[in-house]
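For reference, the structure discussed in these notes is given below.
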Amino acid sequence: MNQEKLAKLQAQVRIGGKGTARRKKKVVHKTATADDKKLQGSLKKLAVNNIAGIEEVNMIKDDGTVIHFNNPKVQASLSANTFAITGHGETKQLTEMLPGILSQLGADSLSSLRKLAEQFPRESLSSCDEAIIYFFFGKLVILTSESITLGLIMIFLA
């Protein structure tokens, strides 16, 4: 190799001028496992305890989406008012989670479901041969084969 090219490449390695140290080694960033270890260490300082027997966690957001965790690891520290949920979380629409999530909904979520049901055409109820009708929290709920496949539920005042 040409001595001039070699000297030019060696000169680029130095940070300062002649006689200074060569540049430092490239910094390798930490992986997610290092962050997870830090988080677990912080949770251990808070004295969290594992809560067994939780099959799913649903976090319902204001925009009608649900963060769904299936078989999560749940840890809690009541003295620190801290709950940690770890696992694979999926963001789903509220209508995708029906009818299993109905028992977990609050009054505000039920009212948004009622508005959604009012948008559904009522003619489809008369055209269906089979409909499942039951009462849920004092409301008349009608499940049809169409509404189940569409993820919609008709809720009317009883």
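Work the Kirkwood hydrodynamic radius out for the range 29-93: mean of 1/r over every pair of different alpha-carbon atoms, inverted, in Å. The partial results should precede the final answer.
Working: mean 1/r = 0.0756 Å⁻¹.
Result for the range 29-93, one decimal place: 13.2 Å.
Test of understanding: what is the full-extension gain from M59 to A47, defined as 0.36 nm times their sequence separation minus their Cα-Cα distance?
Numbers: separation 12, 0.36 × 12 = 4.32 nm, distance 2.40 nm.
Additional length available on full extension: 1.9 nm.
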Check: Packing-wise, with mean Cβ within 10 Å as the measure, how do 29-42, 57-70 rank, highest first?
Finding: 57-70, 29-42
Check: If r is the Cβ-Cβ distance from A107 to K73 and R0 is 30 Å, what FRET efficiency results, to the nearest 0.05?
Finding: 0.50
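No value in this document is a laboratory result; all are computed from the given coordinates. Computed from a predicted model, the values in this text were never measured in an experiment. Heads up, the Cβs are rebuilt from the backbone with ideal geometry, glycines too, and the neighbour counts pull from every protein chain shown.
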